[in-house]
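Taking it in order: structure first as structure tokens, then the write-up.
Bear in mind that the values in this text are calculations on the coordinates, not laboratory data. In this text the structure is predicted, and so the values were computed from the model without any measurement. As a convention, Cβ positions derive from the backbone with ideal geometry for all residues, glycine included, and neighbour counts pool all protein chains shown.
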Amino acid sequence: MKTRIILFLFIISGLFGLQNILLSQERCISLEGSYSSVGGGFDGETSLVGGSEGILIPKLKSTFGFGISFGKIEHAMYWGFKYSRFQYDATFGGAELGKANRNIYGIEFKRFFPEERKVMQFFISGDAEFATLRIENAFFKESSSSSTDAMLFGVGLPIGVGFAINPLKTVSINFRLAYRLAIITTAKEYGEDYDPMELEDKVGVGGINCGAGLTYNF
């Protein structure tokens with residue numbers, strides 16, 4: 001239930017924000033390639049057990065991914081909506097488990113310094129995220145000898161710094177280093193139609209992220 005409420009709030013804020021962006025005269029779109037590491041509780045040794053069911057928490061190998069965002073710049077402040085995707089190799093107890101696909105949806109903010117657009121500007125950034133993480137072969141039942149995929153849900157708050165190189169009035173090249181504060185809040189068996197179970201002990205899924213991207217203003 002909590003997951004659905006968070007997702008509903010993201011959708012509502014997105015609809016109002018998208019209308020604001022579309023009416024703006026300073027719209028921009030960004031494409032980014034990024035490198036993601038995952039730490040926290042994802043150590044490849046922990047499992048979450050509830051009754052006769054359980055979920056393996058694997059170790060996720062750092063990987064490259066991509067992202068896209070759409071927003072607006074106003075008074076040296078950028079804000080917009082983003083989507084990012086990463087695919088990790090997952091291992092548990094030293095053995096290969098499969099792939100872990102992470103989809104991140106969020107709202108991002110950047111504050112540029114100096115305010116006036118220069119050839120180079122620095123910025124600080126902060127995002128609010130909702131994410132899903134599908135892990136192959138991580139969900140198990142005592143009544144079954146085979147495992148299925150697990151679906152985990154979580155929230156995050158990446159905080160970062162970076163700089164932008166502006167070779168043209170409408171084009172920017174951005175570089176960013178951030179740390180993602182993130183936790184897994186609920187989990188379920190992938191593909192099953194029931195509410196995810198709440199986790200009493202939240203699982204950390206934070207890590208360092210760095211990326212480079214291209215922004216076009218129109």
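Quick query: amide H of S147 versus all other amide H atoms, modeled in the peptide plane; which residues come in under 5 Å with a sequence gap of 5 or more or a different chain?
none
Quick one: K141, K82, fewest Cβ neighbours within 10 Å first, how do they rank?
With the sparsest Cβ surroundings first, the list reads K141, K82.
Can you tally the net charge around G191? Count Lys and Arg as +1, Asp and Glu as -1, for every other residue whose Cβ sits under 10 Å from the Cβ of G191.
Its environment carries a net charge of -2.
With axes computed from alpha carbons, what is the tilt in degrees of helix 2-23 against the longest principal axis of the chain, rounded to the nearest 10 within 0 to 90?
20
Taking every pair of alpha-carbon atoms in the chain, what share in percent sits in each 10 Å bin, from 0 to the bin with the longest distance?
8, 32, 30, 18, 9, 2, 0
Net charge near N217: determine it from the other residues with C-beta under 14 Å of the C-beta of N217, scoring Lys and Arg +1 and Asp and Glu -1.
+3
Could you work out the helix-only [θ] at 222 nm for the chain, with each DSSP H run of four or more residues adding -39,500 (n - 2.57) and the total divided by the number of residues, to the nearest 500 deg cm²/dmol?
-3500 deg cm²/dmol
Whole-Hz Karplus ³J(HN,Hα) for segment 145-150, in order, using 6.51 cos²θ - 1.76 cosθ + 1.60 and θ = phi - 60°, x for Gly and Pro?
Per-residue couplings from phi come out as 8, 10, 9, 10, 7, 10 Hz.
Quick one: which residues, 5+ away or cross-chain, put their amide H under 5 Å from the amide H of F42? H built at 1.01 Å from N.
Long-range HN contacts for F42: none found.
Kirkwood hydrodynamic radius (Cα pairs, Å) of segment 47-143?
Every distinct Cα pair counted, the radius reaches 16.2 Å.
May I ask you to list the lysines whose Cα is less than 29 Å away from that of K169, ignoring any residue fewer than eight positions away on the same chain?
Qualifying lysines at Cα under 29 Å: K72, K82, K110, K118.
Name the long-range amide H neighbours of T185: under 5 Å, sequence gap of 5 or more, or other chain; modelled H, no Pro or chain starts.
Under 5 Å from the amide H of T185 lie the amide H atoms of F153, G154, V155, each far enough along the sequence or on another chain.
Give me a comma-separated list of calculated 3J(HN,Hα) values for segment 181-189, in order, Karplus coefficients 6.51, -1.76, 1.60 applied at θ = phi - 60°, integers in Hz, x for any Gly or Pro.
Computed from phi, the couplings for segment 181-189 are 7, 8, 9, 8, 10, 9, 7, 7, 6 Hz.
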